[in-house]
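A.B. asks: Pasting a structure here, questions to come.
Just so you know, all these numbers are worked out from the coordinates, no wet-lab data involved. None of these values were measured; they are calculated from a predicted model. Counting neighbours? That spans all protein chains shown, and the Cβs are built from the backbone with ideal geometry, glycine included.
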Amino acid sequence: MKPEQCLFGCAYYDEYMPASRIDTDFKMMKDANMNVIRIAESTWSTWEPEEGVFNFRSLIQMLEGARKYGLRVIIGTPTYAFPSWLLKIDPDVLATTKTGKLLYGRRQLIDIINPTYRKYAERVTRKLLEACNPYHDVIIGYQLDNETRSAGSMGEVAQKIFVERMKEKFNGDISAFNQEFGLDYWSNRIPSWEDFPDVRGTINGSLDAEYRAFLRDAITEFLFFLKDIIDDYRMPGEFITHNFDFSWIGHSFGLQPEVNQKDAARCMDIAGVDIYHPSKEDLTGLEIAMGGAIGRSLKKDNYLVLETQAQGRPSWTPYPGQLTLQALSHLASGSGGVMYWHWHSIHNSYETYWKGILSHDLQPNDPYRELSDLGRLLLSASERISYLKKTPSVAIMLDNRSLTGIDEFPSNGEEAFHGRSEDDYNHMMRLWFDSCMKLNVEADFVYCDDDLSSYSLVIVPALYSASEITIARLRAFVEDGGHMIITPRCFFSDEHLKVYADAQPHGFTDLTGCTYNEFSSPLSIGFKGTLPLTGTAHSFMEYLIPSTAEVLSSYDHMYLGRFAAVARLGNVTTVGCILDEHDTMEVLKNTFAVSGIDAPDTVFPVSIKTGVNKYNEKITFIFNYSMNAADHQITGSYKDLITGESLSSGQSITLPPWGYRIFCS
């Protein structure tokens, strides 16, 4: 179940306005050919200003306005920020973390396991849905919570549940638990389940990672809890979604470490994502592509962009043409819609300068006018360019346990760096994904339990935590003829981050034709060999000792020249160090050639994306992510979807700065 039409709209908060102007705003949306608004997810204290006192006047006005102007509505549960009066009932609704109890003010400080919070969250959600009951003619779907977090909850209730889960997982055998987690070290052995110490003090990375996995599971359970409530009210055809976000380094960056997104998406009809990215000269489309590929991965289907920027941060104020380029890039990745956070720029509080479509004067501006032009384009073309089916030949494996494992055990052997180093998990993953995209070879994301049979090449970046089951599945993929790239730090530990006690990479040495038992942090070491690598190894390198593998590149170093930097045996390419982007692209081009993957001559900043629409037409987008005009030579026969112009192989087109063309064939 997913929306029938391409969704183009924004989040709307009448309750944040200096004065209500629903008629004015909804007419402006309609004039811009917007068709959907997201409401209600962030204002619990508005709907329930006092305990047990409910006021849905503003909600009803927005629903009435949507009906009047023909807008569809997605209702959000108001559960990710709670009213201050709830603290008087139970102070423990605020999460207790490693650093102590959090203080009220910010959002997502909630212990989502806390039974008091669950009780009142269910009540306000039910009351809101009851108020929405007369408006099913405009409601098309529901959003569960908002970018859900566990707030690192380590309160008494949460820890008690965690211990019970561990007891169940190990069939009550505390000795087996101690053995698996290496708790003899520094005398951390636990004598009984009843004597389980406070996990806030643990120095055991495996145990800390297991608790973090427990918190990810708690988020999945919480979203199922909300889904079950909504099921009591929604009508046939109304979908359930959630706006998943990503790791954050100033913008959407990589796999979200706090959520098992694929597991959580099981309770949804269509996955949603929130994608924010640099703009101006820094707009590359790579975050859009990454977020879209993760969105597709969650249910192996289309997804919705529930939030993205119109203006956003002051440094992101877009240049002319960029909003159109961004929106079409979302659709080219397989999205079924683009929605902005949010309609207007608020006039006070935390996100005053995270600007919406309209600026603080609430008047039509350049972003509004460009989105109006985009709305006219979508009105005529959206059926043919949204909900595209994509079938890349390349997949990149994602894994939360490996992300956590590398965070707990950074390559320098020091304390966890929490995602701020070039050799953390998301940086290593993005290196390979971005390099694929810059070569115009699109990639999917897959997970350890996914079917890999439809892919020609699977790239496995930093799969630090690999169970024997996962290793067996990856071996089977290679033995069935699939090609694979293995990067540093793969197959090093099991699912509980216990390091395998045999030759590395564990379970794969016969397929890699090389092994290692030493690793280091290199200092600007260059390369030699048949592969034209021009940069240096940096951050981390494994001293790969080749046996049966062909060495494509080794180190140009008097002591380390005997070790392989890149080696290949059969269908497996092993990379023993962290490369720069140029050299990563060289490894990819070489591997594409031997695995039969067609890589076009055109490379970034020209970006090519393809998909098949519901009419079985192949849609090809050609984008220019550049301040300069770019030429592109056509290969194949196409018809321009907008102008109707026919083009054939050998013809050239010129894309203006931040320009695009859309072709069908």
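A.B. asks: Could you tell me which of rounded, prolate or oblate describes the chain, using a ≥ b ≥ c as the square roots of the eigenvalues of the alpha-carbon gyration tensor, with rounded for a/c under 1.5 and, failing that, prolate when a/b is larger than b/c and oblate otherwise? Provide the component values of the computation, followed by the final result.
C.D. replies: Values: a/c = 2.07, a/b = 1.14, b/c = 1.81.
Verdict is oblate for the chain.
A.B. asks: Which one of HIS582, ALA327, ILE112 has its Cα pushed farthest toward the positive end of the charge dipole of the chain, where Lys and Arg give +1 and Asp and Glu give -1 at the Cβ?
C.D. replies: ALA327
A.B. asks: Distance in nm between label sites at SER547 and LYS498, each 7 Å beyond Cα in the beta-carbon direction?
C.D. replies: In this crude label model, SER547 to LYS498 measures out at 2.4 nm.
A.B. asks: Rounded to whole Hz and in sequence order, give me ³J(HN,Hα) for the range 657-665 from the Karplus expression 6.51 cos²θ - 1.76 cosθ + 1.60, θ = phi - 60°, writing x for Gly and Pro.
C.D. replies: These are the phi-based 3J(HN,Hα) values: x, 6, x, 7, 9, 10, 10, 10, 8 Hz.
A.B. asks: Which peptide among 641-649, 512-520 comes first, and what is the full order, when sorted by highest mean count of other Cβ atoms within 10 Å?
C.D. replies: Numbers: 641-649: 12.1, 512-520: 19.0.
Going from most to least packed, we get 512-520, 641-649.
A.B. asks: Continuing with this model, one more query. Roughly how many Å is it from the Cα centre of the range 577-626 to that of the range 207-247, as a whole number?
C.D. replies: Centre-to-centre distance over Cα atoms comes out at 34 Å.
A.B. asks: Continuing with the same structure: Which Cα, out of LEU523, TRP354, HIS483, lies furthest along the positive dipole direction of the chain (beta carbon charges, K/R +1, D/E -1)?
C.D. replies: TRP354
A.B. asks: Based on the mean of other beta carbon atoms within 10 Å per residue, what is the order of 432-445, 169-182, most packed first? Could you put the intermediate results ahead of the total?
C.D. replies: Working: 432-445: 22.3, 169-182: 15.6.
Descending packing order for the listed peptides: 432-445, 169-182.
A.B. asks: Enumerate the amide H contacts of PHE244 below 5 Å, restricted to partners 5 or more residues apart or on another chain; note that Pro and chain-start residues carry no placed amide H.
C.D. replies: Counting only residues 5 or more places away or on other chains, the set is GLY272, VAL273, ASP274.
A.B. asks: Here's a follow-up. May I ask for the distance between the Cα centers of the range 451-515 and the range 534-555, given as a whole number of Å?
C.D. replies: If we compute the Cα centre of each part, the gap is 18 Å.
A.B. asks: If you take the beta carbon distance between ASN628 and SER372 as r and set R0 to 22 Å, what does 1/(1 + (r/R0)^6) give as a FRET efficiency, to the nearest 0.05?
C.D. replies: Values: r = 27 Å, r/R0 = 1.22.
The value I calculate is 0.25.
A.B. asks: Let's see if you can work this out: charge +1 on each Lys and Arg Cβ, -1 on each Asp and Glu Cβ, no other charges. What is the dipole magnitude of the chain about its Cα centre, in debye to the nearest 20?
C.D. replies: Numbers: 60 positive and 87 negative charges, 298 e Å.
Computed charge dipole of the chain: roughly 1440 debye.
A.B. asks: Quick one: which residues, 5+ away or cross-chain, put their amide H under 5 Å from the amide H of VAL446? H built at 1.01 Å from N.
C.D. replies: The answer is ILE396, MET397, LEU398.
A.B. asks: Looking at PRO314, LEU398, HIS342, which one has the Cα that reaches farthest to the positive end of the dipole of the range 284-408 (charges on Cβ: Lys, Arg +1; Asp, Glu -1)?
C.D. replies: Going by the charge dipole, the pick is LEU398.
A.B. asks: Which percent, to the nearest 5, of DSSP beta bridges fully inside the chain are antiparallel?
C.D. replies: Numbers: 48 of 92 bridges.
Antiparallel bridges: around 50 percent, rounded to the nearest 5.
A.B. asks: With a/c under 1.5 counting as rounded, go ahead and sort the range 394-595 into rounded, prolate or oblate using the C-alpha gyration tensor (a ≥ b ≥ c being the square roots of the eigenvalues; past the cut-off, prolate if a/b is larger than b/c, else oblate).
C.D. replies: On the way: a/c = 1.24, a/b = 1.06, b/c = 1.17.
It is rounded, given that a/c, with a ≥ b ≥ c, falls under 1.5.
A.B. asks: Run the numbers for ILE60 and LYS528: contour at 0.36 nm per residue of separation, minus the present Cα-Cα distance, in nm. Let's see the in-between values first.
C.D. replies: Working: separation 468, 0.36 × 468 = 168.48 nm, distance 6.90 nm.
Extra length from ILE60 to LYS528 when fully extended: 161.6 nm.
A.B. asks: What Kirkwood hydrodynamic radius, in Å, does the range 553-665 give when the mean of 1/r is taken over all pairs of distinct Cα atoms and then inverted? Intermediate values should be presented prior to the final figure.
C.D. replies: On the way: mean 1/r = 0.0588 Å⁻¹.
About 17.0 Å for the range 553-665.
A.B. asks: Okay, moving on. Using a simple spin-label model with points 7 Å from Cα along the Cα→Cβ vector, what separation in nm is obtained for HIS347 and ASP184?
C.D. replies: Output for this residue pair reads 6.9 nm.
A.B. asks: For the range 320-423, what number results from the quotient of the Cα radius of gyration and 2.2 N^0.38 Å?
C.D. replies: Values: Rg = 20.2 Å, N = 104, 2.2 N^0.38 = 12.8 Å.
Dividing the Cα radius of gyration by 2.2 N^0.38 Å gives 1.57.
A.B. asks: Using helices alone, I'd like the mean residue ellipticity at 222 nm for the chain: each DSSP H run of four-plus residues gives -39500 (n - 2.57), total over residue count, nearest 500. Before the final figure, lay out each step's value.
C.D. replies: Values: 17 runs with 201 residues, N = 665.
Using -39500 (n - 2.57) per qualifying helix, the result is -9500 deg cm²/dmol.
A.B. asks: Quantify how much of the Cα-Cα distance distribution of the range 25-80 extends past 13 Å, in percent. Before the final figure, lay out the partial values.
C.D. replies: On the way: 947 of 1540 pairs.
Of all Cα-Cα distances in the range 25-80, 61 percent exceed 13 Å.
A.B. asks: Contour minus end-to-end for SER453 and ARG106, with contour as 0.36 nm per residue of separation and end-to-end as the Cα-Cα distance? Please list the in-between numbers first.
C.D. replies: Numbers: separation 347, 0.36 × 347 = 124.92 nm, distance 4.48 nm.
Gain on extension, SER453 to ARG106, equals 120.4 nm.
A.B. asks: For the range 1-95, what value does the Rg/Rh ratio take when both radii are computed over Cα atoms and Rh is the Kirkwood radius, given to two decimals? Please report the intermediate quantities before stating the final value.
C.D. replies: Details: Rg = 15.5 Å, Rh = 14.8 Å.
Ratio value, two decimals: 1.05.
A.B. asks: Skipping prolines and chain starts, which residues have an amide H placed within reach, meaning under 5 Å, of the one on GLN504, given they are 5 or more residues away or on another chain?
C.D. replies: Here the answer is TYR516, since their amide H atoms fall under 5 Å of that of GLN504.
A.B. asks: Additional query: Ranked highest first by the average count of other Cβ atoms within 10 Å around their residues, in what order do 479-487, 286-294 fall?
C.D. replies: On the way: 479-487: 19.7, 286-294: 25.3.
Ranked from most to least packed, the peptides come out as 286-294, 479-487.
A.B. asks: Another one. Please compute the length gained on full extension between ASP601 and GLU164, using 0.36 nm multiplied by the number of residues separating them and subtracting their Cα-Cα distance.
C.D. replies: Values: separation 437, 0.36 × 437 = 157.32 nm, distance 5.65 nm.
Gain on stretching ASP601 to GLU164: 151.7 nm.
A.B. asks: So, with +1 on the Cβ of K and R and -1 on the Cβ of D and E, and no other charges, what is the size of the charge dipole of the range 254-364 about its Cα centre, to the nearest 20 debye?
C.D. replies: For this selection, approximately 220 debye.
A.B. asks: Quick check on my link table: of LYS88/LYS127; LYS528/LYS609; LYS68/LYS227, which ones sit more than 27 Å apart, alpha carbon to alpha carbon?
C.D. replies: Working: LYS88/LYS127 21 Å; LYS528/LYS609 34 Å; LYS68/LYS227 29 Å.
With Cα atoms farther than 27 Å apart: LYS528/LYS609; LYS68/LYS227.
A.B. asks: Under a Cβ-only charge scheme (Lys and Arg +1, Asp and Glu -1), can you give me the dipole magnitude of the range 280-321 about the Cα centre, in debye to the nearest 20? The partial results should precede the final answer.
C.D. replies: Details: 5 positive and 5 negative charges, 34 e Å.
Once rounded to the nearest 20, the dipole reads 160 debye.
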